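The structure appears right after this line, and notes come after that.
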Amino acid sequence: IGENGTVFEFTKDTGAIVGTVPSGRVLVDGVDLRTVTAASLRSQMGIVPQNSFLFAGTIAENIRYGRLEATDEEVIAAAKLVNAHDFISALPKGYDTPLGERGGTLSQGQRQLIAFARAVLADPRILILDEATSSVDTRSEALIQQALSALLRNRTSFVIAHRLSTVRNADQVLVIDGGRIVERGTHRELLARGGAYADLYRRQFRDLPVRGQETTASPDGRLADGQARAVAG
């Protein structure tokens, strides 16, 4: 969480850290980055940007770009996992639907779901999501929120976002300001501190509760189940 551009620049440079740490250690999945090459680290990283790149080709070809040797069954399984299968199947040519540059007539949300399916198929150990829901409508965001749990499962993930609904289930939230981590904790912990994160939450959701308490409305506007959810980053 942070200013436009700040968090992405802070996070995307993970590969450049290799061999440049002057003191202390940087661990990724318990591995000291000084013991691996930059090429090795980058080969295990995946990025889904705000405006995902789709090329002129079929939907299946765009998903398969994540792993070129994947079978048709694996492509479909990846799409199902991130809630893309239904809208793809509803198209006249299904997975064989040709796309123009940048996704043609697909909505922003549909393009993001295809990008998610591509990432699932690639199965990187480390995943960076850059503002994955910032340009989608409310209905598409609901599908993407459901897809996120499948996409982030069993991998180290950095979720860069300004919509707090995107990161409220994270294990850790890092608030970045000026290239530095100024706050760190879970969603509930950061709300209780009343700092920068709580201020951002207050501006996004007017019904911010008293310190340490949760509102009855979840960040996406739906009624919560009465329990605070862990937020992660």
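None of the figures in this text is laboratory data; all of them are computed from the coordinates on show. Since the structure is predicted, the reported quantities are computational estimates derived from the model, not experimental observations. Heads up, the Cβs are rebuilt from the backbone with ideal geometry, glycines too, and the neighbour counts pull from every protein chain shown.
By counting other Cβ atoms within 10 Å of each Cβ, how are Lys93, Lys80 ranked from fewest to most? Could the numbers behind the result be given before it?
Details: Lys93 10, Lys80 16.
By the 10 Å Cβ count, ascending: Lys93, Lys80.
Relative to the current alpha-carbon distance between Gln44 and Arg139, full extension at 0.36 nm per residue lengthens the span by 31.0 nm.
Report the FRET efficiency, 1/(1 + (r/R0)^6), for Asp32 and Arg125, where r is their Cβ-Cβ distance and R0 is 22 Å, rounded to 0.05. Computed FRET efficiency for Asp32 and Arg125: 0.90.
Between beta-carbons, use under 14 Å as the cut-off and find the net charge around Asp86, counting Lys and Arg +1, Asp and Glu -1. Mind dumping the intermediate values first?
Numbers: positive: Lys80, Arg139; negative: none.
It works out to a net charge of +2.
Shape descriptor for the stretch 6-162: Rg over Rh equals 1.01 (Cα atoms; Rh from the Kirkwood inverse mean 1/r). Taking each residue as 0.36 nm, the span from Leu200 to Leu68 lengthens on full extension beyond its C-alpha to C-alpha distance by 43.4 nm.
For a quick check: sort Ser107, Ser43, Ser140 by the number of other beta carbons within 10 angstrom, fewest at the front.
Values: Ser107 15, Ser43 11, Ser140 20.
Going from least to most buried by this count: Ser43, Ser107, Ser140.
In what order do His162, His85, His187 fall by count of nearby beta-carbon atoms within 10 Å, going from fewest to most?
Details: His162 16, His85 19, His187 24.
Fewest to most other Cβ atoms nearby, the residues stand as His162, His85, His187.
A Förster radius of 22 Å, combined with the Cβ-Cβ distance separating Ala77 from Arg153, puts the computed FRET efficiency at roughly 0.95.
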